[in-house]
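What follows is a single structure, written as structure tokens, with notes after it.
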Amino acid sequence: MSAPYVFAGGVAVVTGAAGGIGEALAVALAARGSHLALIDRDGPGLEGVAQGLRTRHPGLRLSTHTFDLVRTAEIPGLADEVLRHHGRVNLLINNAGIALGGTFEQITLEQFERVQAINLRAVVALCKALLPALKSSLGSQIVNVSSLYGLIAPAGQTAYSASKFAVRGFSEALRHELAPLGLGVTVVHPGGVRTRIASSAELAPGLDAAEVAAQQRQMERLLTLPPAQAATIILDAVHRRAPRVLVGGDARMVDLLARLFPGHYWRVVSWLTARLARG
């Protein structure tokens, strides 16, 4: 059995760090003594997070990297920039992601591909670019954030579920390859965490604005777990080098339903979701 992951003194890379789970992870990692390389396309938001961390933890090395992960071909350069700042990487957390609303018929192929670029190909590209550095640091760990929708696939989430199921499969295969080298891989399936992912989701062209707003309000009622609590669950799993972590009771319930009713879970899930959304 591998020794627990040690946060203090290590260098952690976190994508999507300007808000939500990514920001909460950055705060929790700093509290555990990790130096940080924070990545997000929202430059001002990222600097706001970084300034708060620098004030509270002046002894930590912290770099910010404003970068849109849709530019996957440029990710090797991003990795080089991180290594120029820190010299090494011990923990890579691929957290960034975007959502897309609309049925497969309604969304455009360009929208579908954008989701795959950010949610999947950027994960793969960062793992590839930073793998030599991770291998050279004893006891390193990779964390790839999938989703509740990497366990089940709801109607209206073809692009998002495709990307998150792929992250799950990629992470599991990568874990099996890297385990003999002493490098761990954890895949994370968050449930309803209170973030802006629903309100900031991209939308298929021509959707009715009132209907979209109603659906977003319904979804946001299901996002109840505080990001700080989600970050604690994730990092505790990283410390244990858990291969997989389900974040929240809803994720655990959905995982069980998918196992019990692999071809028919959606009828049960949609009924439960409607009841919970009504309060």
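The values are calculated or read from the model by the stated rules, or taken from the named source; none is laboratory data. The structure displayed is predicted, hence computed values, not measured ones. In this analysis, Cβ positions are derived from the backbone assuming ideal geometry, glycine residues included, and neighbour counts consider all displayed protein chains. Note: areas computed on protein heavy atoms with side chains; ligands, DNA, RNA excluded. Shrake-Rupley method; radii C 1.70, N 1.55, O 1.52, S 1.80 Å.
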* To do: Take the Cβ-Cβ distance between Leu181 and Ala3 as r, set R0 to 22 Å, and report the resulting FRET efficiency rounded to the nearest 0.05.
  => 0.95
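Using only alpha carbon pairs under 8 Å that are at least six residues apart, calculate the relative contact order of the chain and give it in whole percent. Kindly include the intermediate steps, with their values, before the conclusion.
Details: 515 pairs, mean separation 53.9, N = 279.
Reported relative contact order: 19 percent.
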* Could you work out the helix-only [θ] at 222 nm for the chain, with each DSSP H run of four or more residues adding -39,500 (n - 2.57) and the total divided by the number of residues, to the nearest 500 deg cm²/dmol? -> -15500 deg cm²/dmol
* Take the solvent-accessible surface of the protein heavy atoms, probe 1.4 Å, and return the percent of it on the chain that carbon and sulfur atoms account for. => 58 percent
* **Volume per residue that the Cα convex hull of the chain spans, once the total is divided by residue count, Å³** => 128 Å³
* Structure fact -> For Phe170 the rounded accessible area (nearest 10 Å², probe 1.4 Å, non-protein molecules ignored) is 60 Å²
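Hey, if we sort Asp80, Asp42 by accessible area with the 1.4 Å probe, largest down, what's the order? It would help to have the intermediate numbers written out before the result.
Working: Asp80 85, Asp42 60 Å².
Result of the area sort, largest leading: Asp80, Asp42.
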* To do: Estimate the FRET efficiency between Thr224 and Thr108 by the formula 1/(1 + (r/R0)^6), using the beta-carbon distance for r and 51 Å for R0, to the nearest 0.05.
  => 0.95
* Would you tell me the accessible area of Arg168, worked out with a 1.4 angstrom probe on the heavy atoms of the protein chains, in Å² to the nearest 10? => 70 Å²
